[in-house]
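The values are calculated or read from the model by the stated rules, or taken from the named source; none is laboratory data. Here the structure is a predicted model, which means the values were calculated and not measured. As a convention, Cβ positions derive from the backbone with ideal geometry for all residues, glycine included, and neighbour counts pool all protein chains shown. What goes into the accessible areas is simple: the full protein's heavy atoms, side chains included, and nothing from ligands, DNA or RNA. Shrake-Rupley method; radii C 1.70, N 1.55, O 1.52, S 1.80 Å.
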Amino acid sequence: NRTSDVLIAMGQTQEAYNFLQKQREIEPLKAIDEKIILIQFLTNPPDSVLHYIKLSLNKLELSDPSFNDLMELKNLITKYYTAPTDYSSFKYFQKSELFIRQKKLGDAVEELEYLVKKFPQSPITSLAHLRLAMIHFQLGNYTNALSYAFLLNDTEFADKGIILSGQIYEIQDKNIETSLEQYMKILNDFTYSIYYEPIRYHVRKIQKTKS
């Protein structure tokens, strides 16, 4: 719903939640339930969010498009919030996600940088590094983006870090040879990556341009 999106972007999450609750009474749509769960994810402790996700999943068929979205959110929480002690780091990630939706990227960076400095061993640190790399890339801070991309080596996001570094070399430095070296790592070492085919096509395009 557009109104709730605007309220979230303004940081008025409680107002957005109240608005959606009223809308659901008028017309109980799955899309409204999803948006309510998103607000809960951005503002509430993970345990309560998981409770609402499970309730919603019980009402959905496997073929429902909403099912995959909710499962993805559920998996994110259960993966990075494995014990109550993880909430100390997880809440900074939640704050950063809210700031991203408010287009306050500088504030999101502050939350994430505090997270990785204060909780370097937290399960969510590698995801925070990925977010930091992407935000700095979006802001044009390529040196910082590259630094965080390199930290993704030997993590589950290694392929994303390699691709991002390739993009930075290609865009910032116009260093095609170095960017190709990065992309070739994907073709040689990450054949399972969902980005394999797009990168293969991109490499072929670069090679044609060079020849």
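Restricting attention to the range 41-59, the residues that are open to solvent by 30 Å² or more (accessible area, probe 1.4 Å) and either basic (K, R) or in contact with a helix residue (DSSP H, G or I) (Cβ under 8 Å, 6 or more places away or on another chain) (or both) add up to 6. Taken over the range 186-196, the residue count meeting the criterion of being closer than 21 Å to R131 by Cβ and surrounded by 14 or more Cβ atoms within 10 Å (Cβ to Cβ) is 4. Considering the range 16-66, the residues that are assigned to a helix (DSSP H, G or I) and among the acidic types (D, E) include one that is farthest from S89 (Cα to Cα), namely E25. The set of residues in the range 111-146 being touching a residue at least 40 places away in the same chain (Cβ under 8 Å) and open to solvent by 30 Å² or more (accessible area, probe 1.4 Å) consists of P123 alone. Within the range 185-211, residues that are not small (G, A, S) sit with their Cβ atoms under 7 Å from residues that are not in a helix (DSSP H, G or I), at 6+ positions apart or across chains, in these pairs: I186/S193; I186/Y195; Y196/F190. Here the range 115-170 is the region considered, the condition is being of a type in the set (V, I, T) and assigned to a helix (DSSP H, G or I), and the residue that is nearest to the chain's Cα centre (by Cα) is I135.
Quick check on the range 178-185. Is at least one of its residues open to solvent by less than 90 Å² (accessible area, probe 1.4 Å), under 16 Å from M134 (Cβ atoms), basic (K, R) and in a helix (DSSP H, G or I)? No, the range 178-185 contains no residue that is open to solvent by less than 90 Å² (accessible area, probe 1.4 Å), under 16 Å from M134 (Cβ atoms), basic (K, R) and in a helix (DSSP H, G or I). Scanning the range 146-205 for residues that are aromatic (F, W, Y) and under 27 Å from Y80 (Cβ atoms) yields Y148, F150, F157, F190, Y192, Y195, Y196. Filtering the range 51-93 to residues that are over 17 Å from I39 (Cα atoms), in contact (Cβ under 8 Å) with a residue 24 or more places away in the chain and of a type in the set (G, A, S) leaves S88, S89. Against the numbered list (1) in contact with a helix residue (DSSP H, G or I) (Cβ under 7 Å, 6 or more places away or on another chain); (2) without any contact (Cβ under 8 Å) to a residue 12 or more places away in the chain; (3) of a type outside the set (A, V, I, L, M, F, W, C), S4 comes up short only at (2). Residues in the range 147-165 that are surrounded by 18 or more Cβ atoms within 10 Å (Cβ to Cβ) and at pLDDT below 95: 0 in all. I199: buried (at least 18 other Cβ atoms within 10 Å of the Cβ) and within 30 Å of S122 (Cα to Cα), yes or no? Spelling it out, it is not the case that I199 is buried (at least 18 other Cβ atoms within 10 Å of the Cβ) and within 30 Å of S122 (Cα to Cα). You will find that of K74, K22, K91, the residue that is loosely packed, with under 12 Cβ neighbours inside 10 Å and at pLDDT 85 or above is K22 and no other.
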